[in-house]
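A.B. asks: Quick one: structure below, then a few questions.
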Amino acid sequence: MSAQHSQAPDKATIELKGVRKSFGSVDVIHDLDLKIAGGEFIVFVGPSGCGKSTLLRMIAGLEEVTDGDILIAGRDVTDLDPAKRGIAMVFQSYALYPHMSVRENLAFGLEIARTSAAEIKRQVEAAAEILKIGPLLDRRPGQLSGGQRQRVAIGRAIVRKPLVFLFDEPLSNLDAELRVSMRVEIARLHRELGNTMIYVTHDQTEAMTLADRIVVLRDGRIEQVGSPREVYENPANLFVAGFIGSPRMNIIDGICLAANRLSIAGTEIELDRPLPAAPQEAIKLGIRPEHWLITDKQADALPAQVEFAEYLGSTQYVHCRLANGELVTIEQRGGTDAKPGERLWLNCHQAALKIFSMSGEARRRVPAPIE
Amino acid sequence: MSNRKAATARRRLFAVTRYHAIGLFISLLFIAPIAWSALVSFKPSSEAARPPLPPWPVEGFSTQSYENLAKYGVGIWTYAGNSLTVAAATVVVTVIISLLAGYGFSRFNFPLKNLLFVLIISTVMIPFQSILTPLFLILTKLGLQNTLPGIVLIYVTLHLPFSIFMMRNAFDAVPKEIEDAARVDGASVLLMLRRVMLPLVLPGVATVAIFAFLASWNEFLAALILLTDQKKYTLPVMMAAVRSGQFGSIDWGAVQSGVMLMMAPCLALFLLLQGYYIRGLTAGAVK
Ligand SMILES: Nc1ncnc2c1ncn2[C@@H]1O[C@H](COP(=O)(O)OP(=O)(O)O)[C@@H](O)[C@H]1O
Ligand SMILES: [Mg+2]
């Protein structure tokens, strides 16, 4: 107990070994393995209903594990109560106790652990200091704004001095502006406390900005684990490619003609490096919106027609239709306004072109030949 | 200009006056019988027995009716004590059982849960007079006929369906994540129920308590049939005895003072808990 509540907690590793979860006959988490290093900020992302919350709640001990083991700081906690795992959790709905003042909310866990009154007071005030909620301590949650409630919920987690912080979509009930500032706050909290943190979100910006490593989930399986840069630049498959990045990566059909010749939407393109595909093989190509170039050079370029454009100030998203009817999105910085119906030529940064097999896995490409 | 302003003011005055006049009239309608009883209860016995106009005492205030009532049978305090014991025990037992059952129905999943719930609720449709004889026989078998615990058991049984329904709704309105937060904070199930859930379902508890209290305090038929010993009578049974009179003469003053006596705790309880009670009945209506 004392080690767990020491001032500077050891950075706890987390290990999931063959973890499964089913609700009745429905399998929600399938045989999942994951190792999290001490002090890491891990973000679970995935579409709604993919099992992010369930997985987090299993780590918290709020949901029973159907099969497999969960280790926190090397200790098997699979059958342990949530309170004994050295975790603290921040919920999407804040889940503050409505009938208690902010101070009582923060103190509740310590009180149950029979901490002395003086110690409780000290810790509550320390947490209030970190989160700047000192003036709110005697109010009820009902008298607070959404952002203040979320601070209190985070404060309640801090006073537990946990090894691991678990966040379940903590910002999704806040308005856009508040979300940005709370995001920065959570990043600061991680820097200051240095604890291992697991953060569930379906918001990409939160995932990209907060994470040391992102875990992309789909239907209770891990699709890819990697740093935000790895996941963005080298998606393991079409799902990750489509899920990470906004606007979405353009996925278009292509046919490999020869080692470095490719046919897209009826146009043949010469590549500067060999394709990881067999001749005549159909493949999927992934091109991020920012990797298109609008050119007037017609060689190795795709003809397209502008459908509509979205002007966002610093950038412009141009939605175009290719010759074969596929819709692609182009991110353009500067340049003139694209008008609907206008014809233009598209080229892409060849280094950024992603190749996927028809079944969806990414194919690694050999680096460009050194000239 | 000023003319129009004056017209507006006049119209508003009229509207306010009409609003209060109608309100006053309706209040009087409701208060009149209570006031009548109260006034008659303070007439001397001889005057109370005469035709009731005017309703107020003309021969001076007197507490004679209350004194007569107090001396009735084995003494009013025995009956009031019986009634209070029965009502309080009914409230306590009903609240405890419906709290736990409501929590179970709201939070746990078990086979045939919904069927069981519907079964419990559907017992409301059985007129209880129709099962009075079997109930009497069961209590006799248990050796509980003509005892206060026996009558408490019957009252609790009658109130449970409504109470469980109320408490299930009350628990349903509390988000599951609050409970999860308490578990992460280390609260055991009982501690969590007591420190976190109970305060949040208090409006529901108040509603259940008021209903259980009023119904068991006023219940007559079951008490009349099941309680045979005069010392065990509850107030409604005693009142029936008072009303049927001794040697053919009915002491109307005593009847009215009994009415006042029986009404007092109901009014007090309702006024005390009305805030909770209204919140309890409308719980979940606005989310
Ligand atoms: N208590 C439960 N009983 C049955 N199914 C559940 C329960 N909780 C979650 N599920 C199911 O598990 C799946 C994953 O849910 P969840 O983890 O909440 O998804 P996410 O948080 O990624 O949106 C969903 O299909 C959901 O319907
Ligand atoms: Mg979720």
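The values are calculated or read from the model by the stated rules, or taken from the named source; none is laboratory data. Small disclaimer: the values here were computed from a predicted structure and weren't measured. Here Cβ is always computed from backbone atoms with ideal geometry, including for glycine, and neighbour counts include all displayed protein chains. Note: accessible area is taken over every heavy atom of the protein model, side chains too, but ligands, DNA and RNA are not part of it. Shrake-Rupley method; radii C 1.70, N 1.55, O 1.52, S 1.80 Å.
A.B. asks: Can you give me the number of residues within the range A:169-182 that are within 13 Å of another protein chain (Cβ to nearest Cβ) and either open to solvent by less than 10 Å² (accessible area, probe 1.4 Å) or without any contact (Cβ under 8 Å) to a residue 12 or more places away in the chain (or both)?
C.D. replies: Adding up the residues that qualify gives 1.
A.B. asks: Right, something else. With (1) within 16 Å of ligand 2 (Cβ to nearest atom); (2) surrounded by fewer than 22 Cβ atoms within 10 Å (Cβ to Cβ); (3) within 23 Å of residue B:187 (Cβ to Cβ) as the list, and residue A:138 as the residue in question, which single condition is left unmet?
C.D. replies: With (1) within 16 Å of ligand 2 (Cβ to nearest atom); (2) surrounded by fewer than 22 Cβ atoms within 10 Å (Cβ to Cβ); (3) within 23 Å of residue B:187 (Cβ to Cβ) applied to residue A:138, the lone miss is (1).
Table: residues versus (1) open to solvent by 10 Å² or more (accessible area, probe 1.4 Å); (2) within 16 Å of ligand 2 (Cβ to nearest atom); (3) modelled with pLDDT of 95 or more.
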residue: A:164; (1), (2), (3): no, no, yes
residue: A:198; (1), (2), (3): no, yes, yes
residue: A:213; (1), (2), (3): yes, no, yes
residue: A:216; (1), (2), (3): no, yes, yes
residue: A:226; (1), (2), (3): no, no, yes
residue: A:245; (1), (2), (3): no, no, no
residue: A:258; (1), (2), (3): yes, no, no
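A.B. asks: Let me ask another. Looking only at the range A:322-346, filter to residues that are within 30 Å of the chain's Cα centre (by Cα) and on the phi < 0 side of the Ramachandran plot; which one of those is surrounded by the fewest Cβ atoms within 10 Å (Cβ to Cβ)?
C.D. replies: Per the stated criteria, the residue is A:333.
A.B. asks: So, in the range A:52-88, exactly how many residues are within 16 Å of ligand 1 (Cβ to nearest atom) and touching a Pro at 6+ places or on another chain (Cβ under 8 Å)?
C.D. replies: The total comes to 3.
A.B. asks: Pairs, please: C-beta under 6 Å, at least 6 apart or cross-chain, first residue at the interface with another protein chain (Cβ under 8 Å from one of its Cβ atoms) and in the range B:194-205, second part of a helix (DSSP H, G or I)?
C.D. replies: Once the first residue is at the interface with another protein chain (Cβ under 8 Å from one of its Cβ atoms) and sits in the range B:194-205, its partners that are part of a helix (DSSP H, G or I) give B:196/B:182.
A.B. asks: Please count how many residues of the range B:76-122 are part of a helix (DSSP H, G or I), of a type in the set (S, T, N, Q) and open to solvent by 30 Å² or more (accessible area, probe 1.4 Å).
C.D. replies: Selection size over the range B:76-122: 4.
A.B. asks: Could we say that residue A:24 is more than 22 Å from residue A:228 (Cβ to Cβ), open to solvent by 60 Å² or more (accessible area, probe 1.4 Å) and within 16 Å of ligand 2 (Cβ to nearest atom) here?
C.D. replies: no
A.B. asks: Of the residues that sit in the range B:42-55 and are in a loop (DSSP other than H, G, I, E, B) and over 29 Å from the mean Cα position of the chain (by Cα), which one is surrounded by the most Cβ atoms within 10 Å (Cβ to Cβ)?
C.D. replies: Selected residue: B:44.
A.B. asks: Give just the number: which of (1) away from every other protein chain (no Cβ under 14 Å); (2) buried (at least 20 other Cβ atoms within 10 Å of the Cβ) does residue A:48 not satisfy?
C.D. replies: Looking at each condition in turn, residue A:48 falls short on (2).
A.B. asks: Consider residue A:93 carefully, then state whether it is within 16 Å of ligand 1 (Cβ to nearest atom), assigned by TED's automatic domain parsing to the domain that holds residue A:126, open to solvent by 40 Å² or more (accessible area, probe 1.4 Å) and not in a helix (DSSP H, G or I).
C.D. replies: Judged against the criteria, residue A:93 is a match.
A.B. asks: List the residue pairs whose Cβ atoms are under 8 Å apart, where the first residue sits in the range B:231-248 and is open to solvent by 80 Å² or more (accessible area, probe 1.4 Å), the second is part of a loop (DSSP other than H, G, I, E, B) and at pLDDT 80 or above, and the two are 6 or more positions apart or on different chains.
C.D. replies: Close Cβ pairs (under 8 Å, with a partner that is part of a loop (DSSP other than H, G, I, E, B) and at pLDDT 80 or above) amount to B:231/B:74.
A.B. asks: Also, quick follow-up: Among (1) out of contact with any His (no Cβ under 8 Å at 6 or more places or on another chain); (2) at pLDDT below 95; (3) more than 10 Å from chain B (Cβ to nearest Cβ), there is one condition residue A:113 misses while meeting the rest; what is its number?
C.D. replies: (3)
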